[in-house]
Amino acid sequence: MDWGLKNRLSQIIKPQNNRALMLAVDHGYFLGPTEKLENPKKVIAPLLKYCDSLMLTRGVQRTSVPTFTNVPMVLRVSGGSSIIGEDLSQEEITVSIKDAIRLNASALAMSIFVGSKYEHQTIVNLGKLVSEAEEYGIPVLAVTAVGKELGKDARYLSLACRIAAEQGAHIVKTYYCENF
């Protein structure tokens, strides 16, 4: 692993205790103005000092995060479907590596939808993103998405996490469930 990639990871996951508190405020990319997150700037401001990193979209970063912050940004780079559509899993990569670099992203985040209609597409997209991001020393966070039709049991989550890791994701965000 290159120095730059290790350095970016150490900004997100603290080496002293291997823990991280990531505030995810990227929900608007498919949910729109989510209740209590209608104004991301008001949500982020009082919580920023408690976060090890923020996971957000480029629009929220540009409009709602002060440029002087030293909190690492984990940039959501996938999207393409909304909650009112038939299938949230039909996502593509929507943000270029060049834009992520311009935004000084410490990591890139995208969802994979294991077990969904577009499973193949999202897993292949993850592999491609990892390959491209590694050229620039940028880690990738895979989000093991749980859609309307997907479960949250230990078997599903362990499968999704393993697939994300096998595709090269440096960090995997998953959900809590009993016996996992």
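The values are calculated or read from the model by the stated rules, or taken from the named source; none is laboratory data. On a predicted model such as this, the values are computed, not experimentally measured, just so you know. With ideal geometry, Cβ positions are generated from the backbone for all residues, glycine too; neighbour counts draw on all protein chains shown.
What number of residues within the stretch 92-121 are surrounded by 24 or more Cβ atoms within 10 Å (Cβ to Cβ) and not in a strand (DSSP E or B)? Talk me through it step by step, then tell me what you get.
Narrowing the stretch 92-121 to residues surrounded by 24 or more Cβ atoms within 10 Å (Cβ to Cβ): 105, 107-113.
So of that shortlist, the ones also not in a strand (DSSP E or B) come out as 105, 113.
Residues that pass the stated criteria total 2.
Would you confirm, using the coordinates I've provided, whether residue 130 is under 21 Å from residue 100 (Cβ atoms), modelled with pLDDT of 95 or more, out of contact with any Gly (no Cβ under 7 Å at 6 or more places or on another chain) and in a helix (DSSP H, G or I)? Working first, answer last.
Values: under 21 Å from residue 100 (Cβ atoms): yes; modelled with pLDDT of 95 or more: yes; out of contact with any Gly (no Cβ under 7 Å at 6 or more places or on another chain): no; in a helix (DSSP H, G or I): yes.
No; evaluated as a whole, the condition is false for this residue.
When residue 116 is tested against (1) free of Cβ contacts under 8 Å to residues at least 40 places away in the same chain; (2) out of contact with any Pro (no Cβ under 8 Å at 6 or more places or on another chain); (3) closer than 17 Å to residue 26 by Cβ, exactly one condition is not met: (3). Of the residues making up the stretch 47-61, one or more are of a type in the set (S, T, N, Q) and in contact with a Phe, Trp or Tyr (Cβ under 6 Å, 6 or more places away or on another chain).
Among the residues that make up the stretch 118-138, is at least one of them among the hydrophobic types (A, V, I, L, M, F, W, C) and closer than 30 Å to residue 46 by Cβ? Quick ask: steps written out before the conclusion?
As a first pass, look at the stretch 118-138 and keep what is among the hydrophobic types (A, V, I, L, M, F, W, C): 123-124, 126, 129-130, 133, 138.
Those left that are additionally closer than 30 Å to residue 46 by Cβ: 138.
Yes, the stretch 118-138 contains at least one residue that is among the hydrophobic types (A, V, I, L, M, F, W, C) and closer than 30 Å to residue 46 by Cβ.
The conditions of being in a helix (DSSP H, G or I) and modelled with pLDDT under 95 are not met by residue 164. What number of residues within the stretch 73-125 satisfy the criterion of being under 22 Å from residue 156 (Cα atoms), in contact with a Gly (Cβ under 8 Å, 6 or more places away or on another chain) and either modelled with pLDDT of 95 or more or among the hydroxyl-bearing types (Ser, Thr, Tyr) (or both)? Total satisfying the criteria: 2. Just one of the numbered conditions (1) within 16 Å of the chain's Cα centre (by Cα); (2) more than 20 Å from residue 133 (Cβ to Cβ) is not true of residue 82: (1). The residue of the stretch 133-145 that is surrounded by the fewest Cβ atoms within 10 Å (Cβ to Cβ), among those that are outside any helix (DSSP H, G or I) and of a type outside the set (Val, Ile, Thr), is 135.
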